[in-house]
Each structure stands twice: as C-alpha cells, then as structure tokens.
Amino acid sequence: MAKFELKLPKMGESVAEATITSWLKEVGDTVEMDDAILEIATDKVDSEVPCEVDGILIEKRFNVDDVVQVGEVIAIIETEGDNHLNENESATEILESEAERAIEEAAQAVQVAKETTTPIIASSESRFYSPLVKSIAKQEGISQEELDSITGTGAEGRVTKDDILAYVGSRSSISNSIHATIDTLDKNALDVQKPISMPKVEEKPVQSSFANVVPKGEDDIIEMTRMGKIIANHMVESIQTSVHVQSYIEVDVTNIWNWRNKIKDGFKKRTGENLTFTPIFMEAVAKALHDFPMMNISVQGDKIIKKKSINLGMATSLADGNLIVPVIKNADQLNLLGMAKQVNDLANRARNGKLRPDDTQGGTYTVTNIGGFGSIMGTPIINQPQVGILAIGAIRKVPAVIETNEGDFIGIRHRMFLTHSYDHRVVNGALGGEFVKRVKDYLEAWDPNREI
C-alpha cells in the first residue's frame, strides 16, 4: 500500500494560510478523488479541500481551529500503488520528527526572547542538552544538579525529551502539567514558524466605549458569526484609517433602461447569460478609473501605491445577511459580454458558498449596488486598503426637465444617484467629484443602438 500526502493547496497569490473549520472525513473513512476532506477559512471565504486520490484517510495532522500554511501536509491517504513516502520512515515517524524539530526551534526562540528568573540551564563539556530539554527543565523547575543526575538514553548518554518527561512524571503525580508544557511549546512553534502574510483584520470582539448593554429576560442573545466579526472589525478599522468624504451626483439612465429591455431576451438566448445593470455600471467605472488612475491607488504609510491593474470589487449580499466582495480582475480589459459573465459567475458562486480565496483578493476599487434594496443613496465605507467606493442607488421613474434644441420640457425619465466615498487623505474634492462625474458621463452617453 502507498501513502499520499494531502497538502493545503495554493489558494491565491496573497493567501498564505488558512484555518481548519471542520473535518468532513474521519480516520478510517474511504475517500474518492475530488471528495471534500475538510473545510477551511481564510479572511472571508470558506472553502473545501478535495482529495486528490482514491484511498483511505489514515491520519489527520491538524485539528479544528488550527492555522495551516499553504503547502503543509494536512492528511495522509493510504492508496494502492507505489509508496509516496520514504520506505524506511512511516508517516508517524515523519510527523514526530518534524514536530520535535519545530518544538526545539520554538523553545530556542522563546529562550532568547523571554525574560525569566529561572536559573540558567546550560550544557557542559561532557553533556549536551537540547533547547527543548532545557525549556522543559526550566518550566518544571528542575535545577542544573537534577538535570545532570538524569540518566540519558540518547546518543552518547544524551538526555532526550522522553527522559526528562519520565523524570518529571516520577517526581510528581501531576502529569497533566507535562502535557500542558508540550501543548504550549507546540503552539509557540506554530507562531514562531508562521511566515509574514498580508495584513488582515484580527477576529476580536467588537469593542464599544459606551456602557455595557445588560440583556433583559425577554431579550435574545445572538453570537456573531466568524464572518460577521471580521466584517465588523474591518469596518471599524476603515473608519479609523480613512477620512471619509462623499460626493453625490444624479444620473439619467433612460437610454440604458430602454436599451437593456430591448436586447436582454436575445442576449440571454445567444449567450446563455442574464444581462443585469451591474456589468453596464462596472464597465463605466472601469473606464473612469482608466481616465483617473489616481483613484486606483492605495496608501502605505506616507507613500501612495499606484495600481497598474484595475480590479473591481463587487459587494455581494449573502443569504445570512453578511457581505462579501468578490473581485473582477482586469475589468478594464473586458467587453460587456465578458463583464456580464464575470459578474454572474462571481455572484452565483458567492451566494452558493463556492468562492475561492483568491476570488476576494487584489481589489483596487469597489462598487456596491444599494439600489437592490430600494435605497436611493447611501454613504458606503471604503474597503481597505482601497481609497474609494461607489454606491449605486435605485433606478426611479421621475419627472425631469429635458433640454432640446426646441426648448425645455418636462418628461418621465429613469434616474438614479451615485454616491462616491473617498479617502480625503489622498483624494481631494476635485478628483473625487470629477471621477464620479466621469462615470455619469459614460452612462448618459450610452448608445441606444449599441450591439454586443
């Protein structure tokens, strides 16, 4: 029988780690190729990790809530065929050796970084003690004399981890403290070895400076979801980071309304895609960002990062009331059909929980359609680290003044409001206003005879 190492797959250029939220298979279960083995979560997206082979799950290397790095082995699948692991080393032996090495490195880092009043445990010319052994000795209060008296079973009489743990167990009946020590070191090992990843919002309780709310007997207490906590803290962080300023403008979209009604059925039959207003609005925003590249930026300290790619975030409401922002990559390079396909695909996968972690990464500007809920305007919060977000209000039939060569008259028109929130640290009122005006110009100049 062979053993296959199932690794955490690469999930996007900027995604370096994920948290295990649940195991869908247990040790001993038969699995087939593409069966979901476990569920993971990144900053926002929950995903499944499929099995790459047919076989039997014989080992799980991580527990629920553990943080796993991309490329780490998360499970061992027993298969038929050539052995994928070293013939002289079992999966358990590999795990133990890797764990011991990680613990030793973590203990060494802790020893250097942490101040302690515990007497220093040192190696002598005749006896060497590993960082792990010295760390356990210090945490268990073992003196240098006691350590020197322990009989070692390792190479050349070296005191191993098992030797010192056996000694601690023999001098005290409280063996639970030993396991607590190892668990602490294991956690430190993961923390020390964790690579630097993109900044992300910490999942901490949303704090308020006001007095605590005391629930009454008839009140319901609802625990916030993991995604809800992340969103809440992300919104607070954005308000604390960016100076939000809004510009509002009203747009006549009568030509777009009539054009879409005229061609949407034929578009659906020819392409298989629904033509909503969203891809039309996204196209106009992408063009405006191309015209005003200083809206397609982010801030890093006292530096401005000017983005080459125009990646449009599309705020999407989920069934549980949460919000997610999948990203249309290189939106300025898509024609209307391509934009419609991207919009429909991302929206459908977002609502069905099928987004990949990379689908929400790399956005440079965000659009949110608040009109879908009947709102005519709003003041959206910037999606960090971007510097702007556009809210699209509901399209309404309203009486309006129409200017013609023969004079002005009153007519029924389809109009809506655009709200542009931007970061006043780097975007002044002129740029913020000119940008949203350019979006308006593109929409109002829509060709009623356009073919796609």
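Annotations
- Gain upon complete extension [Lys437, Val64; 0.36 nm per residue less C-alpha separation]: 129.3 nm
- Alpha-carbon Debye profile of the range 349-417, log10 I(q)/I(0) at 0.12, 0.14, 0.19 Å⁻¹: -0.54, -0.65, -0.89
- Counting other Cβ atoms within 10 Å as a rough exposure proxy, the listed residues Ser47, Ser143 run Ser143, Ser47 from fewest neighbours to most.
- Cross-link table Lys262/Lys329; Lys7/Lys341; Lys60/Lys138; Lys287/Lys341; Lys25/Lys60; Lys287/Lys354, entries beyond 21 Å C-alpha to C-alpha: Lys262/Lys329; Lys7/Lys341; Lys60/Lys138; Lys287/Lys354
- Label-zone membership for the range 36-67, site Ala2, 7 angstrom Cα→C-beta point, backbone N under 15 Å: 52-56
- Cβ-Cβ distance of Ala394 and Ser22, R₀ of 30 Å, FRET efficiency by 1/(1 + (r/R0)^6): the value works out to about 0.15.
- Beta bridges by DSSP in the range 229-444, antiparallel share as percent, to the nearest 5: 80 percent
- 3J(HN,Hα) from dihedral phi, the range 66-74, Karplus parametrisation 6.51/-1.76/1.60, rounded to Hz, x for glycine, proline: 6, 9, 10, 8, 4, x, 6, 6, 10
- With neighbour counts taken as other beta-carbon atoms within 10 Å, the residues Ser170, Ser238 rank, fewest first, as Ser170, Ser238.
- Gyration tensor (alpha-carbon) shape descriptor, the range 229-444, a/c threshold 1.5: oblate
- Distance between the modelled labels on Thr153 and Ser170, one decimal in nanometres: 1.1 nm (7 Å Cα→Cβ projection).
- Inter-centroid distance (Cα atoms) of the range 13-42 relative to the range 213-245, Å: 29 Å
No value in this document is a laboratory result; all are computed from the given coordinates. In this text the structure is predicted, and so the values were computed from the model without any measurement. Don't worry about glycine lacking a Cβ; one is built from the backbone with ideal geometry, like all the others, and counts go over all protein chains shown.
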